[in-house]
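Written out below as structure tokens is the structure these notes cover.
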Amino acid sequence: MKSTAPSMHAFKVEYLQPFIDSLHNLFVTHLSMTLEVGKPILNQDGRPAFEYCGVIGFSGAVAGRAVVSFPAEVAIELVKAYLGMDEVPEEVITDCVGELANVIVGRAKSALEQYQIAITPPTVVFGSNFRLSDQSGATCISIPCTSGIGPVQLEVSFHDAG
Amino acid sequence: MKILTVDDSMTARLIVKKTVEGDGHTVVEAADGQQAIDKLAAEAGSGAPVEAVILDWNMPVMNGLECLKKIRADSAYQALKVIMCTTEAEKTSIVTAIQAGANGYVLKPVSPDVLLKALHKAVGAAA
């Protein structure tokens, strides 16, 4: 019988575009905010840029972790805009950062359909003192962005799934 | 109309609740597919059954597709309308959900207009 298991893929730059498109869709199309997407750079120390981090793991023929990180003041303003509320309690901000990561990575996953990627439920981490990947040899890419409400950084780490 | 929003994200449930309550409906909530099945039975037992479900796909315990299949396997819920609200944008996922009995499919992030249009279409009301 022919195996249906996905074959593994080495990192390719085109894996990043769906994540950028998804971030753009959220900010520009859905929230009517501006978003300038910077040049992707290799993240040498493997740590996120800002303290509010929505973390999603993904696995399949392409495996790794995506982190959307915001400074606290940007996270709060973004959550207010996303929910259409003037005030939001702390627990809602935390949950919403996870949901925003879920929306960004989930939509990107769909664009990478051919790689049969599955994603984990989001985790929200405070502080940048964690590594984007616990896999040795992982490729960590940072995509710095500037939105109408402040900086946002998308970090994507890929590793061999095999 | 009573609507059940099913999502493991409190944020996602809050968005649905705010949107459909603003359209004049009442909302009950569940955080996963199993809770949704239990909630549907409880609300039916109360005499004011749920008429539409807005259902996420990726959830712990029981995912949205499994929940949808359980709903469609129960003759008590034949008239129940189910709208998937998910980040799963692959054509195969949409086809799978429709074949399993979904009456509508909207993608996150969802705007109030899009969600209400899908809801009105599913229940046969004017948008």
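The values are calculated or read from the model by the stated rules, or taken from the named source; none is laboratory data. Nothing here was measured: the structure is a model prediction, and the numbers come from that model. Reconstructed Cβ throughout: ideal geometry from the backbone, glycine too, with neighbour counts over all protein chains shown.
Overview of results
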| quantity | calculated |
| --- | --- |
| Subset of region B:40-57 that is crowded, with 19+ Cβ neighbours inside 10 Å and touching an Asp or Glu at 6+ places or on another chain (Cβ under 9 Å) - its residue that is nearest to A:Lys109 (Cα to Cα) | B:Trp57 |
| Subset of region A:104-116 [in contact with a helix residue (DSSP H, G or I) (Cβ under 6 Å, 6 or more places away or on another chain) and crowded, with 24+ Cβ neighbours inside 10 Å] | A:Ile104, A:Ala108 |
| Residues (part of a helix (DSSP H, G or I), out of contact with any Leu (no Cβ under 9 Å at 6 or more places or on another chain) and within 13 Å of chain A (Cβ to nearest Cβ)) located in region B:106-118 | B:Pro112, B:Asp113, B:Leu115 |
| Of all residues making up region B:19-69, the number that are free of Cβ contacts under 8 Å to residues at least 40 places away in the same chain and either of a type in the set (Ser, Thr, Tyr) or part of a helix (DSSP H, G or I) (or both) | 18 |
| Any hit, region A:125-132, residues being away from every other protein chain (no Cβ under 14 Å) and under 24 Å from B:Ile15 (Cβ atoms) | yes |
| Candidates A:Ile104, A:Ile93, A:Ile20, A:Ile76 - the one that is in a helix (DSSP H, G or I) and away from chain B (no Cβ under 14 Å) | A:Ile20 |
| Checklist (1) under 16 Å from the mean Cα position of the chain (by Cα); (2) buried (at least 19 other Cβ atoms within 10 Å of the Cβ) applied to A:Ile93, failing item | (1) |
| Filter result for A:Thr139 (at pLDDT 90 or above and either surrounded by fewer than 21 Cβ atoms within 10 Å (Cβ to Cβ) or at positive phi (or both)) | no |
| Region A:17-38, residues that are more than 16 Å from A:Phe70 (Cβ to Cβ) and of a type in the set (Gly, Ala, Ser) | A:Ser32 |
| Any hit, region B:93-105, residues being within 14 Å of chain A (Cβ to nearest Cβ), touching a strand residue (DSSP E or B) at 6+ places or on another chain (Cβ under 7 Å) and part of a helix (DSSP H, G or I) | yes |
| Single residue of A:Val74, A:Val92 found to be modelled with pLDDT of 95 or more and farther than 26 Å from A:His159 by Cα | A:Val74 |
| Among (1) surrounded by fewer than 18 Cβ atoms within 10 Å (Cβ to Cβ); (2) on the phi < 0 side of the Ramachandran plot, the one test that A:Gly84 misses | (2) |
| Filter result (within 14 Å of chain B (Cβ to nearest Cβ) and either under 14 Å from A:Gly98 (Cα atoms) or crowded, with 24+ Cβ neighbours inside 10 Å (or both)) within region A:53-73 | A:Gly54, A:Ile56, A:Gly57, A:Ala66, A:Val68 |
| Hits in region B:3-39 (condition: over 14 Å from the mean Cα position of the chain (by Cα), surrounded by fewer than 19 Cβ atoms within 10 Å (Cβ to Cβ) and within 14 Å of chain A (Cβ to nearest Cβ)) | B:Met10, B:Lys18, B:Glu21, B:Gly22 |
| Candidates A:Pro18, A:Pro48, A:Pro121, filtered to the one that is touching a strand residue (DSSP E or B) at 6+ places or on another chain (Cβ under 9 Å) and crowded, with 16+ Cβ neighbours inside 10 Å | A:Pro48 |
